[in-house]
Amino acid sequence: MLLRTQALTFEVLNQRYGERYKWMVLLIVGLGTIAGVLCTSCFNVAVPALTHAFHLGQDHVQWAMTAFLAAMTIGMLPAAWWLERFGLRRIFMAALWLLIAASVAGFYAQTFVQVVIARLLQGVAAGVLQPLGIMALMRLFPPHIQGRASGILIVGIAFTPAIAPSISGWLLDQFGWHAIFLLGVPFALLALVSAQVWLPAPRPKQVPLFDWPGLGWLSAATIGLIEFVSSLHHSGVVAIWTWGYGILTIVSLICYIRHAHRLPHAIIQLHLFSRPTFSRGTFVAFAYGFGLFASTYLIPVFLQNAMAFSATDAGLLLLPSGIALVLTIPLAGRMADKFSPRRITLAGLAIFGASFLVFVVVATRVQYWEIVAATVVGRIGLGLILPALNLATLHEMEPQHLGQSSVVVSYARQLGGVVGVTLMAVFMEWREQVWGAVAPGVFQAYAQGFLLLSVVFVLAILVAIGMKDAKR
């Protein structure tokens, strides 16, 4: 089939395909998001290989992950403005092209600096792609089926981190870490072709000038926060670099707040946080991102460094939890349409946080089946959270604020992920120095890492209790 050279309008495509067209758009955007999520989670199993290949410690190698997550977090910020200015079709396809080019560049990288640069570019592309799915969902679907649509959108996205360790572990053992860069390319190409054929032409629209100063202040605050956490370990609390990054973060936030008060079309409008449910939901999204990304980083590294699993075996061990996740999400999506998304979110947070306690209680004698059971239970909790959290957080927002609100929630989740991965890598480096990198001390070190994750989810639960339910 020849690709259509001229895009059709939304009205024409909606008339041609009828009720199923909004589901087609959701599927296409979901494919692109899957490509970005694959790039997010595929590199976790490569940490030991990169430490050996470039003779670096965990606290340095983690920049291959945190550079991606930081760029992804910053890339989300202009997504709502770009969507209004250029339309879904253009911004979606541009992000996919960037993701493909960065993946190919990473495949040919020869130095660790080149690896980090490629990951940065991948992160920017994935950051633009990440909020588009929830934006399309909230605009195209009526409230009474948003939970089901959210479940369908997320099921593929959530299954991706579950299978990524298995596939990337096999690629690592067979072809080396370079091959992992190409994992998301097939999905990106499929999404690119589908977007060319079925996504509508953009509508002419007048939008305010882009808030470049606001993006600069928030980017500086994001980078400052990441470097502050890293500097706590390699330089110490009293080091000038640590204080410098902390001051950079605080000053940047203060400058942005002053800037946003003066500019009506700031990149993140402060009046959004006057809604208690939205502000609490944003904090829960941050804590959830912290726990999700930190655990996705910690579990494969624990299996390889403490349990002596190969990358392939570590990935295969996590496969049952991925199946449990896929089976949970559609059910959770339907539940979110019938019951309180806040209560579903609370249940998911409790189950996900409790799953880490297995590694804490039986750290030095954990068995294979216990690891499988704990990860399966954790992914059931994760499956409950994913479709419900956005609905629980955004139900109070007006339609004109949904785009920016979606970006804020996604930004908070990814910022939590950046801090989570960075802090966990630094924390584990510290605890291994205290307890040792061999048994039985290494098990105690990782037990304390999992305990930290449980504490984070307890805090998230306490905040989520104060959120209000949607009126039905």
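The values are calculated or read from the model by the stated rules, or taken from the named source; none is laboratory data. Just so we're clear, the structure is a prediction, and the values are computed from it rather than from any experiment. Don't worry about glycine lacking a Cβ; one is built from the backbone with ideal geometry, like all the others, and counts go over all protein chains shown.
Going residue by residue through the stretch 344-356, is there one that turns out to be surrounded by fewer than 22 Cβ atoms within 10 Å (Cβ to Cβ) and at pLDDT below 80? No; the residues of the stretch 344-356 include none that is surrounded by fewer than 22 Cβ atoms within 10 Å (Cβ to Cβ) and at pLDDT below 80.
Yes or no, residue by residue, for (1) over 24 Å from the mean Cα position of the chain (by Cα); (2) closer than 30 Å to Lys468 by Cβ:
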position: Val361; (1), (2): yes, no
position: Gln367; (1), (2): yes, no
position: Ile371; (1), (2): no, no
position: Ala374; (1), (2): no, no
position: Ile380; (1), (2): no, yes
position: Leu384; (1), (2): no, yes
position: Leu394; (1), (2): no, yes
position: Glu398; (1), (2): yes, yes
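Among the conditions (1) in contact with a Leu (Cβ under 6 Å, 6 or more places away or on another chain); (2) over 20 Å from Ile268 (Cα atoms), the only one that Ala447 does not satisfy is (1).
Only a single criterion out of (1) surrounded by fewer than 24 Cβ atoms within 10 Å (Cβ to Cβ); (2) at pLDDT 80 or above is not satisfied by Leu77, namely (1).
Test Tyr288 against the stated conditions and say whether it is in contact (Cβ under 8 Å) with a residue 40 or more places away in the chain, touching a Leu at 6+ places or on another chain (Cβ under 7 Å) and not assigned by TED's automatic domain parsing to the domain that holds Cys42. No: the conditions fail for Tyr288.
Helices (runs of 4 or more DSSP H) fully within the stretch 33-146 that include at least 3 residues being small (Gly, Ala, Ser): 63-76, 79-107, 112-129. Restricting Leu349, Leu325 to residues that are over 30 Å from Pro48 (Cβ atoms) and touching a residue at least 40 places away in the same chain (Cβ under 8 Å) narrows the list to Leu349.
For the stretch 435-449, the condition of being touching a residue at least 40 places away in the same chain (Cβ under 8 Å), in the same structural domain as Val61 (by TED's automatic domain parsing), part of a helix (DSSP H, G or I) and under 22 Å from the mean Cα position of the chain (by Cα) holds for at least one residue. Taking the criterion of being acidic (Asp, Glu) and in contact with a Pro (Cβ under 9 Å, 6 or more places away or on another chain), the only residue of the stretch 6-52 that qualifies is Glu11. Within this structure, Ala195 fails the test of being surrounded by 14 or more Cβ atoms within 10 Å (Cβ to Cβ), at pLDDT 90 or above and under 27 Å from Val61 (Cβ atoms).
Could you identify the single residue in Ala220, Ala239 that is over 29 Å from Gln448 (Cβ atoms) and not polar (S, T, N, Q)? On inspection, the qualifying residue turns out to be Ala220. Just one of the listed residues (Gln146, Gln114) is surrounded by fewer than 22 Cβ atoms within 10 Å (Cβ to Cβ) and of a type in the set (S, T, N, Q), and it is Gln114.
For the stretch 410-434: of the residues being of a type in the set (Ser, Thr, Tyr) and within 12 Å of the chain's Cα centre (by Cα), which is surrounded by the most Cβ atoms within 10 Å (Cβ to Cβ)? It comes out as Tyr411. Please determine, by comparing only the residues of the stretch 360-417 that are among the hydrophobic types (A, V, I, L, M, F, W, C) and outside any helix (DSSP H, G or I), which one is farthest from Ala306 (Cα to Cα). Among those that are among the hydrophobic types (A, V, I, L, M, F, W, C) and outside any helix (DSSP H, G or I), it is Met397.
Residue-by-condition table, conditions (1) out of contact with any Cys (no Cβ under 9 Å at 6 or more places or on another chain); (2) at pLDDT 85 or above:
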position: Pro186; (1), (2): yes, yes
position: Val207; (1), (2): yes, no
position: Trp217; (1), (2): no, yes
position: Ile226; (1), (2): yes, no
position: Ser231; (1), (2): yes, no
position: Ser252; (1), (2): yes, yes
position: Ala266; (1), (2): yes, yes
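For beta carbons closer than 6 Å, sequence separation of 6+ or different chains, a first residue in the stretch 214-241 that is of a type in the set (D, E, K, R) and a second that is part of a helix (DSSP H, G or I), the qualifying pairs are Glu227/Tyr245. Summed over the stretch 234-256, the residues that are within 30 Å of Ile465 (Cα to Cα) and within 25 Å of the chain's Cα centre (by Cα) give a count of 4.
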